[in-house]
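Okay, structure first, notes after.
The values are calculated or read from the model by the stated rules, or taken from the named source; none is laboratory data. These figures come from a predicted structure and were not determined experimentally. In this analysis, Cβ positions are derived from the backbone assuming ideal geometry, glycine residues included, and neighbour counts consider all displayed protein chains. Heads up: the accessible areas ignore ligands, DNA and RNA and are worked out on the full protein's heavy atoms, side chains in. Shrake-Rupley method; radii C 1.70, N 1.55, O 1.52, S 1.80 Å.
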Protein chains: 2
Amino acid sequence: MHILIIGAAGMIGRKLSRALAAAGTVNGRPIRRMTLADIIVPEALDFGGDIETVATDLSRPGAASALIASRPDLIFHFAAIVSGEAEADFEKGYSVNLDGTRALFEAIRLAGLERPYTPRVVFTSSIVVFGEPLPPVISDTHCVTPLTSYGTQKAICELLLADYSRRGIFDGIGIRLPTISIRPGKPNKAASGFFSSILREPLIGEEAVLPVSENVRHWFASPRAAKGFLLHAAEIDTGSLGQLRTITMPGLSATVGDQIEALRRVAGDAATQLIRREPNETIANIISGWPQGFDARRAEALGFRAETSFEEIIRVHIEDELESRLPERA
Amino acid sequence: MHILIIGAAGMIGRKLSRALAAAGTVNGRPIRRMTLADIIVPEALDFGGDIETVATDLSRPGAASALIASRPDLIFHFAAIVSGEAEADFEKGYSVNLDGTRALFEAIRLAGLERPYTPRVVFTSSIVVFGEPLPPVISDTHCVTPLTSYGTQKAICELLLADYSRRGIFDGIGIRLPTISIRPGKPNKAASGFFSSILREPLIGEEAVLPVSENVRHWFASPRAAKGFLLHAAEIDTGSLGQLRTITMPGLSATVGDQIEALRRVAGDAATQLIRREPNETIANIISGWPQGFDARRAEALGFRAETSFEEIIRVHIEDELESRLPERA
C-alpha cells in the first residue's frame, strides 16, 4: 500500500512516519511506498520501500491534486496553522486550515470521478472545537461551538469529512486530539505551550514559566498516545461510526497542580522549583474557554487508549525523548 | 437605514420584503432604502423610500462585494439551493450554499478593513443540521451531524457566522427554521414538499399525494411565523447570544396524522378525502433522518413566537393566502 502523510515534518508526523516505517504494514498489508509532505521538506527515514519527501502548501492551487495524482491508499492529514497563529492571522488560518483541507478532499473527489478511488483519510481535529457551554465532562454528542478561528476551521473540516465520507468519496475518520503533553523540542506558538514546558524544561534542569493558576484543569495525552491513536484510526473498521465520523480521543483530565505533583514524584523538588509563576492574563483568558474533561467511552469502545496518570505521561517522555535517563534527584 | 435582502424572490423573501416596506422602520429607525436581490430579479414593491432589485449569484466572483459596496446596515441572507437539489448536485450545492455565503461574509470583512462597518446579518439555517443521534427532543446544545450535503452546508455557515461575529466583523444571528407549512404556491424540489401540499391542495379542492406514513412526526411553523422570526432577529439585542449565534426557532411538533385531523376540523371530510396515499421509499428514507421535536426555550426566552396548533397554521394560511375564504364544508 501507499501512504501519504501531510504534516510529516511536525512532531506527531515524524513519530508516525517512523512508527509506520518500522511496522512495515497496516492491517497486515505491506507498505510499499510512503510520501511525506509538509510545508518544508520532511526528513527522509530508513524504510525498505519507496520513500519520497515533498514540500508543498495544500492551500496553493494544484498542490492537493499533485499529491493525490499517485492515488495513495491511506492519507493522514494534520498539516495546520496552530491556534495562536490562526487567531492572529485570519486569512492565513482559513486559507491553510480550511481551504487547504477542502482542496485535499476535492482532489480525492475529482480523482474518483476519473476512476474508482476511495482512500482512508485520517484527519486530526482538536478538542478546542468545543467552547460554549462547557460542561465539566463533554460527550461526543455535545454541541461544537468553538471560541477561536482555529477551532472553527477544525469544526468545519469535521463536517466536510463526514459529508464526503457519507457520499462515499473517501473513508474518513477524524480524531480530536487531547492537548499533547509533554511535547518534545522547542515551544511553538500554541497558547497551550506551557502545559508541556513546565515539565519538559525542569526535566533537563532548565527553568519554565507557568502563566496560569495551578487550578486550571485540562485534557491530556502523550505524543506516544497520539501516535497510537493515528495508527489505530488507520486500521479500524469505520462501518460503526455512522455520521459521527469524528471521535474525541481518550485522555487524562488533570490540573496544572496534578502535573506539578507528578513531576515532584518523578524528579523531586529540584525540578518543581524550576517552575516560575508569571501570570499572563491573555493566556489565562484563552485557556479559560478550553474544555476540562471528556466522556471518551465511544473512543475506548473502538479500542483507542491513552495514559491514566501524569506520572505515566512523564515516564513516557523520559523513555521516548530523554533516552530513559531520569534526571538527578534533588 | 438600508436593508439588503438576499433571496428576496423566494416565498419568505417576498413576505419579509412586503412586511418591512409596510412597517417602514426597524427598531424605530426609518428604512430609507431597500435592495432586493436574488438569482432572478425580485418583484419590486410599493415603498416610500428608495428601492432597487438586483439579479445576482453570490457564488460568482465579485457578486458579493458588489452587493456590499453600498454598505447596507441590515442584511438578510437566505438564498440557497434546496436540500434535494444540493444532494443531487454536489458542486452546485457547495458553490451556492457554502461558497456564496462565505463570499458574502468575506465581502463584509473586506469592506470593514477600509473603514468601520459592522452590519447586522440575519442568516437562515435549518433544523436539518441535526441528524444523528436524534433524540425525540433536541436542544440548542445538541451536536450538529447533518445527514445531507444541504445540512452540512448550513452547519458550516453557522460556524462561520459565529466566528465572524465573535471577531466583530459583523453582528450575526442565525435562525434554524422549522419546516415551513403551509408553503403557498407550487411545490419546490424539497423532499419536505408534501408537508404543505397535503393541506394546501385540498383547501382549494385539489388532490394531493402523501408519500409517507401518518405516524411521521416533524417540526413546523407557518410562513407568517417565519417572517416574524426574521423581523424579530433583525431587532433583538444579540449581546446575550454568546457564541451560540444560531438558535433553533420555536415550532409545533406534529405528526402527518395531526395535520390531517386539523384539516378535517377546519375543512371537513371532503378535504381530507383528497389526500391520496402513495408511499415513496426515497422520500420516506430522507424524512426518517429528520428531527421530530425541539426544546426551543432559548428562542422563546428571546421573544420568538410560533403557532401552537395545526388548526392555527391552517387558519393562518386561509387568512394570508386564500383571502380568508374558508373552503366549502363537505
(request) Could you grab me the full set of residues in the range A:214-268 that are part of a helix (DSSP H, G or I) and basic (K, R)? (result) A:R224, A:K227, A:R264, A:R265
(request) For B:V96, work out the one condition from (1) under 20 Å from the mean Cα position of the chain (by Cα); (2) open to solvent by 40 Å² or more (accessible area, probe 1.4 Å) it doesn't fulfil. (result) (2)
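Results for (1) away from every other protein chain (no Cβ under 11 Å); (2) within 27 Å of B:T308 (Cα to Cα), shown as yes or no for each residue.
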{"position": "B:L147", "(1), (2)": "no, no"}
{"position": "B:F170", "(1), (2)": "yes, no"}
{"position": "B:S192", "(1), (2)": "yes, yes"}
{"position": "B:G205", "(1), (2)": "yes, yes"}
{"position": "B:R224", "(1), (2)": "yes, yes"}
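Going by the structure shown, is B:V121 under 21 Å from the mean Cα position of the chain (by Cα), assigned to a strand (DSSP E or B) and buried (at least 22 other Cβ atoms within 10 Å of the Cβ)?
yes
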(request) Considering only residues that are more than 10 Å from chain A (Cβ to nearest Cβ) and not β-branched (V, I, T), look in the range B:131-145 and name the one that is surrounded by the most Cβ atoms within 10 Å (Cβ to Cβ). (result) B:L134
(message) Just the residues that are within 21 Å of B:F130 (Cβ to Cβ) and open to solvent by less than 10 Å² (accessible area, probe 1.4 Å), please, taken from the range B:199-218.
(response) B:H218
(message) Take the residues in the range A:160-192 that are open to solvent by 20 Å² or more (accessible area, probe 1.4 Å) and part of a helix (DSSP H, G or I); name whichever of them is modelled with the highest pLDDT.
(response) A:R166
(request) Being surrounded by 20 or more Cβ atoms within 10 Å (Cβ to Cβ) and not aliphatic (A, V, I, L, M) narrows it down to one of B:G7, B:G24, B:G48, B:G28, so name that one. (result) B:G7
(request) Note down all Cβ pairs under 8 Å where the first residue falls in the range B:296-317 and is without any contact (Cβ under 8 Å) to a residue 60 or more places away in the chain, the second is assigned to a helix (DSSP H, G or I), and they're at least six residues apart or on different chains. (result) B:S309/B:A262; B:E311/B:A262; B:E311/B:R265; B:E311/B:V266; B:R315/B:V266
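Residue by residue, here is whether (1) open to solvent by 30 Å² or more (accessible area, probe 1.4 Å); (2) in contact with a helix residue (DSSP H, G or I) (Cβ under 6 Å, 6 or more places away or on another chain); (3) polar (S, T, N, Q) holds:
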| position | (1), (2), (3) |
| --- | --- |
| B:A225 | no, no, no |
| B:T238 | no, no, yes |
| B:G242 | yes, no, no |
| B:R245 | yes, yes, no |
| B:M249 | no, yes, no |
| B:A262 | no, yes, no |
| B:R277 | yes, no, no |
(request) Please identify the pairs in which a residue from the range A:118-135 that is farther than 17 Å from A:G168 by Cβ has its Cβ atom under 7 Å from the Cβ atom of a residue that is basic (K, R) and in a helix (DSSP H, G or I), counting only partners at least 6 apart or on another chain. (result) A:S125/A:K154; A:S126/A:K154; A:V129/A:K154
(message) Condition first: more than 10 Å from chain B (Cβ to nearest Cβ) and out of contact with any Lys or Arg (no Cβ under 6 Å at 6 or more places or on another chain). Now tell me which residues in the range A:155-168 satisfy that.
(response) A:G168
(message) Kindly evaluate A:S196 against the criterion of being crowded, with 21+ Cβ neighbours inside 10 Å, more than 14 Å from chain B (Cβ to nearest Cβ), at negative phi and at pLDDT below 95.
(response) no
(request) Residue by residue through the range B:228-246, note down the ones that are β-branched (V, I, T) and more than 12 Å from every other protein chain (Cβ to nearest Cβ). (result) B:I236, B:T238
(request) Filter the range A:55-113 down to residues that are among the aromatic types (F, W, Y) and within 28 Å of A:I283 (Cβ to Cβ) and give me whichever is farthest from the other protein chains (Cβ to nearest Cβ). (result) A:F78
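Given the criteria in contact with a strand residue (DSSP E or B) (Cβ under 9 Å, 6 or more places away or on another chain) and more than 21 Å from B:L241 (Cα to Cα), does B:L104 qualify?
Details: in contact with a strand residue (DSSP E or B) (Cβ under 9 Å, 6 or more places away or on another chain): yes; more than 21 Å from B:L241 (Cα to Cα): yes.
Answer is yes for this residue.
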(message) Go through (1) over 21 Å from B:L147 (Cβ atoms); (2) at pLDDT 95 or above; (3) of a type outside the set (A, V, I, L, M, F, W, C) for B:N215 and report which single condition fails.
(response) (1)
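Let's see how each residue does on (1) more than 30 Å from B:D171 (Cβ to Cβ); (2) among the small types (G, A, S):
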site	(1), (2)
B:A208	yes, yes
B:P211	yes, no
B:L231	no, no
B:A234	no, yes
B:T246	no, no
B:M249	no, no
B:I260	yes, no
B:E281	yes, no
B:I286	yes, no
(request) List the number of the failed condition for A:I39; all other conditions in (1) open to solvent by 60 Å² or more (accessible area, probe 1.4 Å); (2) without any contact (Cβ under 8 Å) to a residue 40 or more places away in the chain; (3) within 22 Å of the chain's Cα centre (by Cα) hold. (result) (2)
(request) Read through the list (1) small (G, A, S); (2) outside any helix (DSSP H, G or I); (3) open to solvent by less than 30 Å² (accessible area, probe 1.4 Å), then give the number of the only condition that B:A107 fails. (result) (2)
(message) Looking at A:F78 and the list (1) open to solvent by 60 Å² or more (accessible area, probe 1.4 Å); (2) touching a residue at least 40 places away in the same chain (Cβ under 8 Å), which single condition is not satisfied?
(response) (1)
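Run down A:N215, A:N285 and say which single residue is farther than 23 Å from B:C143 by Cβ and within 14 Å of chain B (Cβ to nearest Cβ).
Working: A:N215 fails: within 14 Å of chain B (Cβ to nearest Cβ).
Exactly one of A:N215, A:N285 is farther than 23 Å from B:C143 by Cβ and within 14 Å of chain B (Cβ to nearest Cβ), namely A:N285.
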(request) Hey, can you tell me all the residues within the range B:56-72 that are surrounded by 13 or more Cβ atoms within 10 Å (Cβ to Cβ) and either among the small types (G, A, S) or not assigned by TED's automatic domain parsing to the domain that holds B:A107 (or both)? (result) B:S59, B:A63, B:A64, B:S65, B:A66
(message) What are the pairs with Cβ atoms under 9 angstrom where one residue, in the range B:96-109, is free of Cβ contacts under 8 Å to residues at least 40 places away in the same chain and the other, located anywhere, is part of a helix (DSSP H, G or I)? Sequence gap at least six, or different chains.
(response) B:V96/B:A86; B:V96/B:Q153
